[in-house]
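Participant: Got a structure for you, written out below as structure tokens; questions coming shortly.
The values are calculated or read from the model by the stated rules, or taken from the named source; none is laboratory data. Please read these numbers as outputs of a predicted model, since none were measured by experiment. All Cβ positions, glycine included, derive from the backbone under ideal geometry; neighbour counts span all protein chains shown.
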Amino acid sequence: MKRAPYKTIWLSLPSKRYPIYCYTSSGWDQLASLPRQYPHSRLFLITDHVLARIYKNELKTLLATSRTAALDHQTNHPKNRPWSLITFPAGEHSKSHAVKLMLEEKLFKARCSRNDIIIALGGGVVGDLAGFVAATFMRGIKYISMPTTLVAMTDAAIGGKTGIDTPFGKNLIGAFHHPEAIYIHLPFLATLPHIEYLGGFAEIIKHALIRNVTLYKMLTTHIKSFEVSPLHNKRPMTATESVTASATGLFFKLLTESILIKVRVVIHDPLETAYRRILNFGHTIGHGIEILSDYKINHGNAVAIGCVFEAWLSYRLKYLPAEHFENIFSLIKNMHLPVTFPIAIKAPALYNACTRDKKNERKTASLTTTDTIKFVPLKKIGSVFAAKGTYLVSVEKAFFIKAFKDFQKWTDQHRH
Ligand SMILES: NC(=O)c1ccc[n+]([C@@H]2O[C@H](COP(=O)([O-])OP(=O)(O)OC[C@H]3O[C@@H](n4cnc5c(N)ncnc54)[C@H](O)[C@@H]3O)[C@@H](O)[C@H]2O)c1
């Protein structure tokens, strides 16, 4: 039986309007209903090896039941199988040209056509990659997003940014391609490792910092109840189970408020001509950390350090009052997210890694111009500094290195 969504948020753009359904029930009955919803399409479910292993029984049932559902009534033989499953190794390294090509070859071999649909089941890596495959396959086919990590539920799945990494930097090749719908099912969080759950909070805190002081207050007031996922220690749920509203009440509110922030920013500036850049707060440094750690530090943790250090830079550049920086530091630390750089990360290397960010447009055509990094400055908790409508300020290398050293001194004194 298909359940009604607990909440539906619409993302309305000039070119497209689509729903973000938020459910407290399991996603498997939702998936099973898709062949009926799209009777003329085949469904290509793309996920990573970790999810394919954790949910192998559910996937087996899904593929089997859907096949029966699509029996030809006259011949009683299976019609075109509605589902195909395609998997790839989990992790950031799969957001690559090579894995994209592998997925495309599998789609061609399975004779995927223009009216078929990709279902991206997974975290931000699956969403970015499968979404980008959908964006370019036969010049663009439909896809549906079913995020399974907190990072993806609150951020990555929303807003139509799809893409892959290159040796030259993160997310440097990609496209804006919006899904038909986003299905968020909380029970997926039951199997999510705690470190990935916490990582999702970095994006939620980022949303509060850039736009919503009320959400920030909710985080600080109820931090104890958010430390552990409401689904923690629950076994994976069967297709017909759901978590009760009371078990997830506050968390669900936090999640949907965070989604609403992202949705409003995307609606305001879908193609990131300026305002949407504010969503990159914490990410100039965050991406640099991910690159330098060869993606061993996960996205959420890297963004957490990025938020703290970019708040520090905002303070040092006199945009952000000191007490706001201290408050942000405490919240991120109290959420058990990292607030300092790993010892292996040195300021000059970090600066160089950050210059590979997309936000660093060149001012002149000259290739000899030294690259400077740009980041989104905070003005106060809940609001960014507009910087004449660019939402970006530059930081010279010498200033950065000095700020990095001072930050280390300050955090040494305050981290315990
Ligand atoms: N497109 C955007 O707007 C946007 C925004 C934010 C982040 N991102 C991208 O998202 C990526 C990070 O996403 P992520 O943090 O979800 O990482 P991820 O997709 O790598 O998932 C993290 C790990 O959790 C596992 N996993 C996923 N769901 C699970 C579940 N329910 N149970 C158990 N294990 C599960 C995955 O297999 C993986 O090993 C980065 O590449 C980042 O650049 C994109």
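Participant: What's the number of the only condition in (1) at pLDDT 95 or above; (2) surrounded by 14 or more Cβ atoms within 10 Å (Cβ to Cβ) that Pro5 fails to meet?
Facilitator: In the conditions (1) at pLDDT 95 or above; (2) surrounded by 14 or more Cβ atoms within 10 Å (Cβ to Cβ), Pro5 misses (1) alone.
Participant: So for segment 201-224 (the condition being modelled with pLDDT of 95 or more and touching a Pro at 6+ places or on another chain (Cβ under 7 Å)), does at least one residue qualify?
Facilitator: No, because not a single residue in segment 201-224 is modelled with pLDDT of 95 or more and touching a Pro at 6+ places or on another chain (Cβ under 7 Å).
Participant: Take the conditions touching a Phe, Trp or Tyr at 6+ places or on another chain (Cβ under 6 Å), closer than 26 Å to Thr149 by Cβ and modelled with pLDDT of 95 or more and apply them to Ser66. Does it pass? Steps first, answer last, please.
Facilitator: Values: touching a Phe, Trp or Tyr at 6+ places or on another chain (Cβ under 6 Å): yes; closer than 26 Å to Thr149 by Cβ: yes; modelled with pLDDT of 95 or more: no.
For Ser66, the condition - touching a Phe, Trp or Tyr at 6+ places or on another chain (Cβ under 6 Å), closer than 26 Å to Thr149 by Cβ and modelled with pLDDT of 95 or more - is not met.
Participant: Let me ask something else. Can you pull out every residue in segment 379-398 that is in a helix (DSSP H, G or I) and touching a residue at least 40 places away in the same chain (Cβ under 8 Å)? Full working, then the answer.
Facilitator: Step one: filter segment 379-398 for residues in a helix (DSSP H, G or I), giving 397-398.
Hit for segment 379-398 is Lys397, nothing else.
Participant: Run Ala190 past the list (1) within 12 Å of the ligand (Cβ to nearest atom); (2) closer than 30 Å to Pro270 by Cβ; (3) touching a Leu at 6+ places or on another chain (Cβ under 8 Å) and report the number of the one that doesn't hold.
Facilitator: Of the numbered conditions (1) within 12 Å of the ligand (Cβ to nearest atom); (2) closer than 30 Å to Pro270 by Cβ; (3) touching a Leu at 6+ places or on another chain (Cβ under 8 Å), the odd one out for Ala190 is (2).
Yes/no per residue for (1) assigned to a helix (DSSP H, G or I); (2) near the ligand (Cβ under 6 Å from one of its atoms); (3) touching a Gly at 6+ places or on another chain (Cβ under 7 Å); (4) closer than 21 Å to Ser96 by Cβ:
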{"position": "Ala120", "(1), (2), (3), (4)": "no, no, yes, yes"}
{"position": "Leu129", "(1), (2), (3), (4)": "yes, no, no, yes"}
{"position": "Phe137", "(1), (2), (3), (4)": "yes, no, no, yes"}
{"position": "Ser145", "(1), (2), (3), (4)": "no, no, yes, yes"}
{"position": "Thr162", "(1), (2), (3), (4)": "no, no, yes, yes"}
{"position": "Asp165", "(1), (2), (3), (4)": "no, no, no, yes"}
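Participant: Only residues that are of a type in the set (Gly, Ala, Ser) and in contact (Cβ under 8 Å) with a residue 60 or more places away in the chain: list them for segment 180-214, please. Even if it seems obvious, please write down each step before you answer.
Facilitator: Initial filter on segment 180-214 (of a type in the set (Gly, Ala, Ser)): 181, 190, 199-200, 202, 208.
Ala181, Gly199, Gly200, Ala202, Ala208, listed by residue number.
Participant: For the structure I just gave you, tell me whether Phe201 is of a type in the set (Phe, Trp, Tyr), crowded, with 24+ Cβ neighbours inside 10 Å and within 9 Å of the ligand (Cβ to nearest atom).
Facilitator: No, not satisfied.
Participant: Continuing with the same structure: Examine segment 94-111 for a residue that is touching a residue at least 60 places away in the same chain (Cβ under 8 Å), in contact with an Asp or Glu (Cβ under 7 Å, 6 or more places away or on another chain), assigned to a helix (DSSP H, G or I) and within 12 Å of the ligand (Cβ to nearest atom), and state whether such a residue exists.
Facilitator: There is no residue in segment 94-111 that is touching a residue at least 60 places away in the same chain (Cβ under 8 Å), in contact with an Asp or Glu (Cβ under 7 Å, 6 or more places away or on another chain), assigned to a helix (DSSP H, G or I) and within 12 Å of the ligand (Cβ to nearest atom).
Participant: Among the residues of segment 69-93, how many are in a loop (DSSP other than H, G, I, E, B) and either out of contact with any strand residue (DSSP E or B) (no Cβ under 8 Å at 6 or more places or on another chain) or modelled with pLDDT of 95 or more (or both)? Break it down stepwise before answering.
Facilitator: At the first step, the residues of segment 69-93 found to be in a loop (DSSP other than H, G, I, E, B) are 70, 72-77, 79-82, 89-91.
Checking which are either out of contact with any strand residue (DSSP E or B) (no Cβ under 8 Å at 6 or more places or on another chain) or modelled with pLDDT of 95 or more (or both) leaves us with 73-76, 80-81, 89-91.
So the answer is 9.
Participant: Another question, if that's okay. Could you tell me whether Gly282 is on the phi > 0 side of the Ramachandran plot, crowded, with 20+ Cβ neighbours inside 10 Å and at pLDDT 95 or above? Outline the logic, then answer.
Facilitator: Working: on the phi > 0 side of the Ramachandran plot: yes; crowded, with 20+ Cβ neighbours inside 10 Å: yes; at pLDDT 95 or above: yes.
So Gly282 fits the description; yes.
Participant: Among the listed residues Val308, Val303, which satisfies the condition of being more than 16 Å from the ligand (Cβ to nearest atom), surrounded by 22 or more Cβ atoms within 10 Å (Cβ to Cβ) and in a helix (DSSP H, G or I)?
Facilitator: Val308
Participant: Starting from segment 287-299, take each residue that is modelled with pLDDT of 95 or more and away from the ligand (no atom under 11 Å from the Cβ) and list its partners that are part of a loop (DSSP other than H, G, I, E, B) and polar (S, T, N, Q), counting only C-beta distances under 9 angstrom and pairs at least six apart or across chains.
Facilitator: Taking only residues 6 or more apart or on different chains, the pairs are Gly288/Thr355.
Participant: Give segment 1-51 a look and list any residue that's assigned to a helix (DSSP H, G or I) and touching a Leu at 6+ places or on another chain (Cβ under 8 Å), or say none. Reasoning before the result, please.
Facilitator: Filtering segment 1-51 down to residues assigned to a helix (DSSP H, G or I) leaves 28-37, 49-51.
Answer for segment 1-51, where residues must be assigned to a helix (DSSP H, G or I) and touching a Leu at 6+ places or on another chain (Cβ under 8 Å): Trp28, Leu31, Ala32, Leu34, Pro35, Leu51.
Participant: Residue by residue through segment 120-155, note down the ones that are among the small types (Gly, Ala, Ser) and either touching a Ser or Thr at 6+ places or on another chain (Cβ under 8 Å) or crowded, with 24+ Cβ neighbours inside 10 Å (or both).
Facilitator: From segment 120-155, those among the small types (Gly, Ala, Ser) are 120, 122-124, 127, 130-131, 134-135, 140, 145, 152; that's our starting set.
Ala120, Gly122, Gly123, Gly124, Gly127, Ala130, Gly131, Ala134, Ala135, Ser145, Ala152, listed by residue number.
Participant: Could you grab me the full set of residues in segment 148-160 that are more than 6 Å from the ligand (Cβ to nearest atom) and not in a loop (DSSP other than H, G, I, E, B)?
Facilitator: We begin by selecting, within segment 148-160, every residue more than 6 Å from the ligand (Cβ to nearest atom); these are 150, 153-154, 157-158, 160.
Correct list: Leu150, Met153, Thr154.
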